[in-house]
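**Q** One structure, pasted below without further comment.
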Amino acid sequence: MISAYTLFSGSGGNSIYIKNENTKILIDAGKSCGAIEKSLNALGTTLRSIDGIFITHEHSDHTAGLEIISKKYQIPIYMTSPSYENHVRGGSYLERFAKSEAVTFEKTVGSLCLCSFPVPHDSAQNVGYIIRSSDDTFGVATDIGHLTSTIADNLSQCNKVIVESNHDIKMVENGPYPRFLKDRILSPNGHLSNDKCAAFAAFLCDKGVKEFTLAHLSQENNLPKLAYETVRDQLTACGFEDVPLKVAFADITVCATDGNSYPYPIRK
């Protein structure tokens, strides 16, 4: 079985730890090397045991720790060629260990197979990942400007998913951000709202997804309780009230695959 933990989630940094019996990987490394190592230590492991790091896109909240991690641990890093060309600099440690891949690529690391799929966002290229083991399938998609059939088709294959629930539209419109930044968030290449996430979660439940973790919540334009209740109400209205639903917090490790459902607030 696949176990997944959101180590960090949000505009301040993102990293997801995924493992099965004999393989350990990270999706993104958007915090410092030390912060990621501390979170892994709390789970009884270390960066030295990580078999590969898969990057969704090149924005700093998904890549901030990569250079020092490369220097200290020499872990293979996989990213799409547009992100590689935008982010990797000649002569860096990252250049030595980062692998440039097609936008849709498949890579087997140990006993896990990862397949990427494109996700619209205002980056050189953003992707989600499907992670498969011999007995489980898990999906990750965040920084979603708008939902596409490709995202739906890929996440519909999964037992459990981490999906973005970034903002409440009213909070964005009434908040302190300048207009250009509000427009960026709300644009087709921005982020996914609570309402759209809720409708998408109900769709995925109908396709057989059994558990959700809401991720990449905005600290300025969302509330964990609001995200949770928006999606929970939609699931209940559609007859999926028993589907476990969780919220990934910015700096609190949350297990995305333990089968438990709990409301906000979530405490350590």
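Computed from the coordinates by the stated procedures, all read-outs in this text should not be read as laboratory data. These numbers were taken from a predicted model, which means no experiment stands behind them. Using ideal geometry, Cβ is built from the backbone for each residue, glycine included, and neighbour counts are taken over all protein chains shown.
**Q** Taking LEU94, is it in contact with a His (Cβ under 9 Å, 6 or more places away or on another chain) and not hydroxyl-bearing (Ser, Thr, Tyr)?
**A** Spelling it out, LEU94 is indeed in contact with a His (Cβ under 9 Å, 6 or more places away or on another chain) and not hydroxyl-bearing (Ser, Thr, Tyr).
**Q** From the list ASP136, ASP206, ASP183, pick out the single residue that is among the acidic types (Asp, Glu) and within 19 Å of the chain's Cα centre (by Cα).
**A** Just one listed residue meets the conditions, ASP136.
**Q** Another one. Does ASP122 satisfy the condition of being closer than 22 Å to ASP195 by Cβ, in contact with a strand residue (DSSP E or B) (Cβ under 7 Å, 6 or more places away or on another chain) and in a loop (DSSP other than H, G, I, E, B)?
**A** No; evaluated as a whole, the condition is false for this residue.
**Q** So GLU85 fits all but one of (1) under 20 Å from ILE16 (Cα atoms); (2) touching a residue at least 12 places away in the same chain (Cβ under 8 Å); what number is the exception?
**A** Of (1) under 20 Å from ILE16 (Cα atoms); (2) touching a residue at least 12 places away in the same chain (Cβ under 8 Å), only one is false for GLU85: (1).
**Q** Of the residues that make up region 45-56, is at least one touching a residue at least 60 places away in the same chain (Cβ under 8 Å) and touching a His at 6+ places or on another chain (Cβ under 7 Å)?
**A** Checking region 45-56: at least one residue is touching a residue at least 60 places away in the same chain (Cβ under 8 Å) and touching a His at 6+ places or on another chain (Cβ under 7 Å).
**Q** Find the residue count for region 100-115, including only residues that are assigned to a strand (DSSP E or B), free of Cβ contacts under 8 Å to residues at least 40 places away in the same chain and crowded, with 17+ Cβ neighbours inside 10 Å.
**A** 2
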